[in-house]
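Below is one structure, written out as structure tokens; the observations come after it.
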Amino acid sequence: MGSLDGKTALVTGASRGIGRGIAERLGRDGARVGVHYATNEVAAKETVAAIEAAGGSAFAIGQELGVPGDAAGLWEAFDRQADGVDILVNNAGIGWPVPFGEVSEETYDRFFAVNTKAPFFVTQQGLSRLREGGRVVNVSSGLARAAMMPQTLTYSMTKGALDVLTRNLSKLLGPRGITVNSVAPGVVDTDINADWLRADDRARAATAAMSPLGRVGEPSDIADVVAFLASDDARWITGQWLDTTGGAIA
Ligand code: NAP
């Protein structure tokens with residue numbers, strides 16, 4: 001018996017990185033998992049195969065986010081595979097460092113479209129599918145609260161706005177028994193950081209030293225916290241921002 005037996009989850013951006021870790025963990029806990037991706041269908045199918053190989057159930061859904069009609073397209077594809085959702089994880093996101101003086105309006109709009117607008121409308125349009133007692137988990141960032149990397153200002157702003165969404169939705173959805181929380185990773189070893197973290201040993205060592213635990217985060221570090229929030233054990237936690245930076249901003 002898994003703690004999420006009989007539940008259905010949708011994890012955006014689950015083809016790779018943190019989202020894949022979350023999808024695999026929710027699948028292991030018994031949820032049937034919608035594995036969303038933007039363009040990387042091969043990677044999404046690998047996530048589905050990994051869940052199935054571990055005895056779980058999953059299906060892939062492709063949908064570009066951050067474009068008009070994205071949320072409707074996502075849910076239409078989801079509805080072809082499942083009847084209602086218990087756990088929605090808004091994880092898909094983009095970001096890279098850009099010095100303040102060099103941020104273009106296009107980059108600003110793109111970051112907000114994918115990281116903030118998409119979770120807003122995916123959740124809004126998912127409300128009719130979200131069952132009583134459900135869970136919404138938004139993947140934020142430690143950078144939403146700590147100005148440690150000012151060159152990520154625009155990205156950090158998108159996550160700060162996402163956290164405002166979390167807090168307000170917790171009030172709106174509480175009467176339906178639905179909890180809404182943010183998890184806030186620090187640096188996690190995924191493709192989003194590949195160009196500097198995996199290519200530069202000194203940068204990796206400096207990043208590891210930011211945590212008192214002395215290492216860089218792994219997707220499973222975040223996935224295990226999301227699994228807790230998705231479980232019945234976390235029924236009394238809502239509207240919260242959970243620092244999952246390994247103590248890097250404590
Ligand atoms: P990642 O490895 O780059 O994976 C990104 C995922 O999002 C992929 O599944 C990708 O799909 C999907 N995606 C990207 N752009 C999309 C778009 N326009 N429309 C729909 N889906 C899109 O990223 P990650 O590091 O796992 O990050 C996951 C989340 O954690 C993000 O919200 C990120 O901001 C947050 N976060 C990450 C870190 C970190 O250090 N890694 C730290 C704090 C917060 P495809 O495979 O199809 O491209």
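Structure data summary
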| item | result |
| --- | --- |
| Per-residue ³J(HN,Hα) for the range 150-161, Karplus 6.51 cos²θ - 1.76 cosθ + 1.60, θ = phi - 60°, Hz, x for Gly and Pro | x, 6, 9, 3, 5, 4, 4, 4, 4, 6, x, 5 |
| Point-charge dipole on Cβ atoms (K/R +1, D/E -1) for the range 124-217, about Cα centre, debye to 20 | 440 debye |
| The range 105-167, Cα convex hull volume normalised per residue, Å³ | 76 Å³ |
| Those aspartates and glutamates that a straight Cα-Cα span of less than 14 Å connects to Lys159, excepting residues fewer than 8 apart in one chain | Asp109, Asp243 |
| Inter-part distance where the range 173-218 and the range 57-114 are each reduced to a Cα centre, Å | 19 Å |
| Average projected area [Cα convex hull, the range 83-190], square nanometres | 7.2 nm² |
| Cα gyration tensor, the range 24-163 - rounded (a/c under 1.5), prolate or oblate | prolate |
| Placed amide H near Ile61: partners under 5 Å, 5+ positions off or other chain | Val35, His36, Tyr37 |
| Shape metrics for the range 188-250, restricted to C-alpha atoms - Rg then Dmax, Å | 14.0, 42 |
| Cα pair distances exceeding 20 angstrom across the range 130-250, given as percent | 46 percent |
| Over the chain - Rg/Rh using Cα atoms and the Kirkwood inverse-distance radius | 0.95 |
| Helix-only [θ]222 nm of the chain, DSSP H runs n ≥ 4, -39500 (n - 2.57) each, per residue, nearest 500 | -12000 deg cm²/dmol |
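Only the coordinates and a few stated rules stand behind these numbers; no lab work does. All figures in this text were calculated on a predicted structure; none of them were measured in a lab. Virtual Cβ from ideal backbone geometry, glycine too; neighbours counted across all protein chains shown.
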